[in-house]
1. Show me the chymotrypsin sites (Phe, Trp or Tyr not before Pro) within segment 136-189 that DSSP assigns to loop and that have at most 15 other Cβ atoms within 10 Å of their Cβ.
2. For segment 99-214, which whole-number percentage of the solvent-accessible area (1.4 Å probe, protein heavy atoms only) is attributable to carbon and sulfur atoms?
3. If you build a Gaussian network model of the chain, linking Cα atoms that sit under 10 Å apart, which residue out of Val55, Val139, Val148 swings the most?
4. Can you pull a Stokes-Einstein diffusion coefficient for segment 15-74 at 10 °C (1.306 mPa s), Rh from Kirkwood over Cα pairs, as a whole number of µm²/s?
5. May I ask you to give the average projected area over all directions of the convex hull of the Cα atoms of segment 76-225, in nm² rounded to one decimal?
6. For the chain, how many pairs of lysine residues have a Cα-Cα distance under 21 Å, where the two are 8 or more positions apart or belong to different chains?
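The values are calculated or read from the model by the stated rules, or taken from the named source; none is laboratory data. Model, not experiment: these values are computed from the prediction. Neighbour counts run over all protein chains shown; Cβ positions are idealised from the backbone, glycine included. In case anyone asks, the SASA skips ligands and DNA or RNA and just uses the protein heavy atoms, side chains included. Shrake-Rupley method; radii C 1.70, N 1.55, O 1.52, S 1.80 Å.
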Amino acid sequence: MNLFIFNSSIGRKLIMSLSGLFLMLFLLIHLTVNSLLLVGPEAFQAGCEFMELPVVTIMVPILAAGFIVHIIYAAWLTWQNRKARGSVAYASGKKSETTSWASKNMFVLGLVVLGVIAIHLSHFWAKMQLPHFMGTEGVPASQAYDLVANIFRNPCWAVIYIIWYGALWFHLTHGFWSALQTIGFNNTTWYYRLRWIGIIFATIVAFGFTGITLFFALGVDKLVH
Ligand code: HEM
């Protein structure tokens, strides 16, 4: 059997790209459901109830697997690259666009994103969905709005979350472009297009989440709801 997916560097990059694109799709869905917070408590409750449907919850292990594969392959690729290059980070002194700051720091940026995901899961998922899986009572969808509002009204959490979206922005600008290049969009025309589409995508995600966080942190929710 041809195990090129595991044995070759391009195979490993392909797995990174596909799992990364899958996680980007999750981010878009997550942002869409979270935007209902801006509409009001009832709208967000309806969004949470939809996410609690069995047809959606069945996706949770698949999402977790997507994260695990992405992280394991990231560690593996970084280790292989370091081994290949030895102590010389970049042999050429020239700074090309492909060695942008984000591209050189993808692993560290990924670690920051992952670290805050752990905090984020303890804030929400551990209180809402995990108890369901454990067969105990969690925070119901009707109180999910207040749970989010209480976290973001704490200025320390608001700042930590916004720094997190910044790291996510850098990670996505490079990740989006790199993933699509790996799956075949690698000619000169697509090079610049994808750079821009990646920046636009990352900005929509990071600004979207920042807007929701500031909505509560600055007390706008109390004025409109
Ligand atoms: C305004 C920002 C955000 C809000 C208000 C928010 C809210 C939530 C809530 C309420 C849950 C629990 C859902 C449930 O258990 O039913 C959750 C889960 C989760 N969030 Fe976020 N989130 C935000 C940003 C992010 C970002 C930026 C990421 C990834 C980088 C992320 C990744 C996750 C993951 C992986 C889960 C667990 C899977 C799931 O329950 O869907 N979240 N989030």
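1. Phe185
2. Carbon-and-sulfur percentage of accessible area, whole number: 72.
3. Val55
4. 126 µm²/s
5. Result: 12.7 nm².
6. 5
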